[in-house]
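Enquirer: Mind looking over this structure? Questions follow.
The values are calculated or read from the model by the stated rules, or taken from the named source; none is laboratory data. Being a predicted model, the structure only gives us computed values, none of them experimental. Because the Cβ atoms are built from the backbone with ideal geometry, glycine has one as well, and the counts that use them run over all protein chains shown. Calculation scope for accessible area: heavy atoms of the full protein, side chains included, ligands and nucleic acids excluded. Shrake-Rupley method; radii C 1.70, N 1.55, O 1.52, S 1.80 Å.
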Amino acid sequence: MVLINQATYPFLLSTEYYKSNNAREEIKAMSLQKETAGDELLPPVKIPKSTWMADATHWPGTWMIPSPEHSKGDHAGIIKVMLKPPSDDPLHGTDDEANPFDFTEVDIRLPILVYVSREKRPGYDDNKKAGAMNALVRASAIMSNGPFMLNLDCDHYIYNSEAIREGMCFMMDRGGDRICFVQFPQRFEGIDPFDRYANHNTVFFDGNMRALDGLQGPVYVGTGTLFRRTALYEHEWPVLHDG
């Protein structure tokens, strides 16, 4: 599970909720159309895509088209399932002549992708990372409840596709159950070869953090961190036992 640090709010609405509410709006529009038009043949009703808020209000717009209590800094909690959970069976790509790459032997399934935004109101300081992390932990527990969580800033990316697996190896190794998180170093592009402004953070990541690794581990730097979910809970999550 990958958590992108944005302002979030732990209120979840399922995809069925969105479908049912959008369908309800379409039914209302069709009924109104029949009442006003009578027996005339009319084109099908098209309802523009909209956002349903955590307080069940309807926002028929986007961030670019604000409305009262539905703007970038003034809105209720939002959650949207962008990609549904993948199927249990592998899904292989097709042989497309227009595509230079062959994906016939590649599993092309994508993980569930959910957009979450915390409630925002004017006058409230709600852009802190700790609050966003707390909200994401609670929200992700309902959506997937993955045992490991990779925390990234929204302007960072991973250049190693196996980074998550490498971090999990530390936690799943012998004695790894005592590891709470694995901190990856940050590397930056576009830095002059002399690094005159110390943007490589060589002293911090290659010196201080490695030294702290001998004193119960490094500190959490706010991004590029693989967490164990139970470490953030401070206790084991509830498990159903047979009998």
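Enquirer: Which residue is farthest from Met171 (Cα to Cα), if the candidates are limited to region 214-231 and must be in contact with a Pro (Cβ under 9 Å, 6 or more places away or on another chain) and buried (at least 18 other Cβ atoms within 10 Å of the Cβ)?
Expert: Top of the filtered list is Gly224.
Enquirer: Assess whether Leu91 counts as being in contact with a Lys or Arg (Cβ under 9 Å, 6 or more places away or on another chain) and touching a residue at least 12 places away in the same chain (Cβ under 8 Å).
Expert: Taking the combined requirement at face value, the residue satisfies it.
Enquirer: Return the total of residues in region 122-141 being surrounded by 12 or more Cβ atoms within 10 Å (Cβ to Cβ) and among the basic types (Lys, Arg).
Expert: 2
Enquirer: What number of residues in region 160-189 are among the β-branched types (Val, Ile, Thr) and farther than 24 Å from Thr202 by Cα?
Expert: 1
Enquirer: State the number of residues belonging to region 187-206 that are of a type in the set (D, E, K, R) and either within 18 Å of Tyr220 (Cβ to Cβ) or open to solvent by 50 Å² or more (accessible area, probe 1.4 Å) (or both).
Expert: The total comes to 4.
Enquirer: While we're here: Taking the residues in region 113-126 that are in contact with a strand residue (DSSP E or B) (Cβ under 9 Å, 6 or more places away or on another chain) and outside any strand (DSSP E or B) as candidates, determine which candidate is modelled with the lowest pLDDT.
Expert: Going through the qualifying residues, I end up with Asp126.
Enquirer: Check off (1) over 20 Å from Thr223 (Cβ atoms); (2) of a type in the set (A, V, I, L, M, F, W, C); (3) not in a loop (DSSP other than H, G, I, E, B) for Leu110 and give me the number that stays unchecked.
Expert: The single condition Leu110 does not satisfy is (3).
Enquirer: Turning to a different aspect of this structure: Among what's in region 144-186 and is among the aliphatic types (A, V, I, L, M) and under 18 Å from the mean Cα position of the chain (by Cα), pick the residue that is most open to solvent (accessible area, probe 1.4 Å).
Expert: Applying the filter and picking the extreme gives Ile158.
Enquirer: If you don't mind, another one. Could you give every pair whose Cβ atoms fall below 6 Å, whose first residue belongs to region 165-178 and is under 13 Å from Arg228 (Cβ atoms), and whose second residue is in a loop (DSSP other than H, G, I, E, B) and aliphatic (A, V, I, L, M), counting only separations of at least 6 or pairs across chains?
Expert: Listed pairs, sorted by first residue: Phe170/Ile179; Met171/Ile179.
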